[in-house]
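Novice: Below is one structure. I have some questions about it.
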């Protein structure tokens, strides 16, 4: 896992809806930045998507920057390719950029392991939270509330420290291209 306090890794990726490049530098100045490793087909993402989209809208209204990044191998998972990403983002009303990490280097820089994998950076661009949206999972009958990420964001926006005891994300493994899985992934 990326260590708490780590500066946001540099990236510059294309937003599949607008074609514009969004970079880590573009997100500077926000009181908080949320980076979500995401994809179209993962049942864990689908399970939290509606609530996350609403949460992201609320977070943006409070001044936070939000981006989602898909890093999956699109040859093996074409439903996660840029065209399908753009269609889903439009259909679902994403109010945030949906970025395509074709080389998977950004996922590696973040030490991302699954979808959804959620990161929260403070005003100084330092990692203060890496973990789950909440404890709801497909089939466990717990409501999707976004409690864990919401509490962390509230603390950042209130200028308070985020507790360091955090529950990691659970979801589908990032679909690495053959021979591209990073060492931290056990490859």
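Nothing in this text is a laboratory measurement; each read-out follows from the coordinates by a stated rule. These numbers were taken from a predicted model, which means no experiment stands behind them. Every residue, glycine among them, receives a Cβ derived from its backbone with ideal geometry; neighbour counts consider all protein chains shown.
Novice: Among 70, 3, 92, 136, what is the fewest-to-most ranking by other Cβ atoms within 10 Å?
Specialist: Details: 70 31, 3 8, 92 14, 136 19.
Fewest-to-most Cβ neighbours within 10 Å comes out as 3, 92, 136, 70.
Novice: Return a whole-number percent for the relative contact order of the chain, with Cα pairs under 8 Å and 6 or more residues apart as the contact set.
Specialist: 29 percent
Novice: Here's a follow-up. What is the log10 of I(q)/I(0) for the stretch 16-137, computed with the Debye formula using one identical point scatterer on each Cα and no solvent, at q = 0.12, 0.19, 0.22 Å⁻¹?
Specialist: Log10 of I(q)/I(0), two decimals: -0.40, -1.08, -1.51.
Novice: Quick check on the chain: of the DSSP beta bridges with both residues there, what percent are antiparallel, nearest 5%? Please list the in-between numbers first.
Specialist: Working: 18 of 26 bridges.
Just about 70 percent of them are antiparallel.
Novice: Oh, and also: So what's the back-of-envelope 222 nm ellipticity for the chain, counting only DSSP H runs of four-plus at -39500 (n - 2.57) apiece and dividing by all residues, rounded to 500?
Specialist: Here the helix-only value at 222 nm equals -8000 deg cm²/dmol.
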